[in-house]
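**Q** Below you'll find the structure I mean.
Each value in this text was obtained by applying a stated rule to the coordinates, not by laboratory testing. Owing to the predicted nature of the structure, the values given are computational and were not obtained by experimental measurement. Cβ atoms come from the backbone with ideal geometry, glycine included; neighbour counts cover every protein chain shown.
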Amino acid sequence: MQRICFHLRVRPDRVTEYKERHREVWPEMRRALSETGWRNYTLFLSEDGLLTGYLECGDFDQARAAMAERDVNARWQAEMSGFFEGGGPPDEQMRPIPEVFHLE
């Protein structure tokens with residue numbers, strides 16, 4: 001099982017709306033994430049826009065590729081793109097942070 005952590009930057013003027021959008025993630029999107037192996041997927045967002053994501057999966061590259069094949073993911077990424085600094089779909093900006101310690 002891989003543990004993946006990443007950072008993205010939400011535009012400060014869109015932080016409140018980003019939080020609101022994630023209060024009701026589309027059921028179809030939630031289902032697609034589960035079906036493609038995303039587990040314990042959690043997002044943390046600071047008021048300055050620093051987004052920290054964490055998930056567990058069997059193989060991150062495979063999980064991302066499987067999501068890329070889903071129509072719901074394309075729609076979600078298109079809607080979320082405007083929230084992030086740097087532009088572009090957030091799933092293309094996710095860069096795993098190297099793990100240096102884990103306590104079980």
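Let's see how each residue does on (1) within 22 Å of Met1 (Cα to Cα); (2) in contact (Cβ under 8 Å) with a residue 40 or more places away in the chain; (3) among the charged types (D, E, K, R):
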{"site": "Glu20", "(1), (2), (3)": "no, no, yes"}
{"site": "Trp26", "(1), (2), (3)": "no, yes, no"}
{"site": "Gly37", "(1), (2), (3)": "yes, no, no"}
{"site": "Gly53", "(1), (2), (3)": "yes, yes, no"}
{"site": "Gly58", "(1), (2), (3)": "yes, yes, no"}
{"site": "Arg70", "(1), (2), (3)": "no, no, yes"}
{"site": "Asn73", "(1), (2), (3)": "no, yes, no"}
{"site": "Met80", "(1), (2), (3)": "no, yes, no"}
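Conditions (1) surrounded by 18 or more Cβ atoms within 10 Å (Cβ to Cβ); (2) of a type outside the set (Gly, Ala, Ser); (3) touching a helix residue (DSSP H, G or I) at 6+ places or on another chain (Cβ under 7 Å), marked per residue:
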residue: Arg23; (1), (2), (3): no, yes, no
residue: Glu28; (1), (2), (3): no, yes, yes
residue: Arg31; (1), (2), (3): no, yes, no
residue: Thr36; (1), (2), (3): yes, yes, yes
residue: Glu69; (1), (2), (3): no, yes, no
residue: Ala74; (1), (2), (3): no, no, no
residue: Gly82; (1), (2), (3): no, no, no
residue: Arg95; (1), (2), (3): no, yes, no
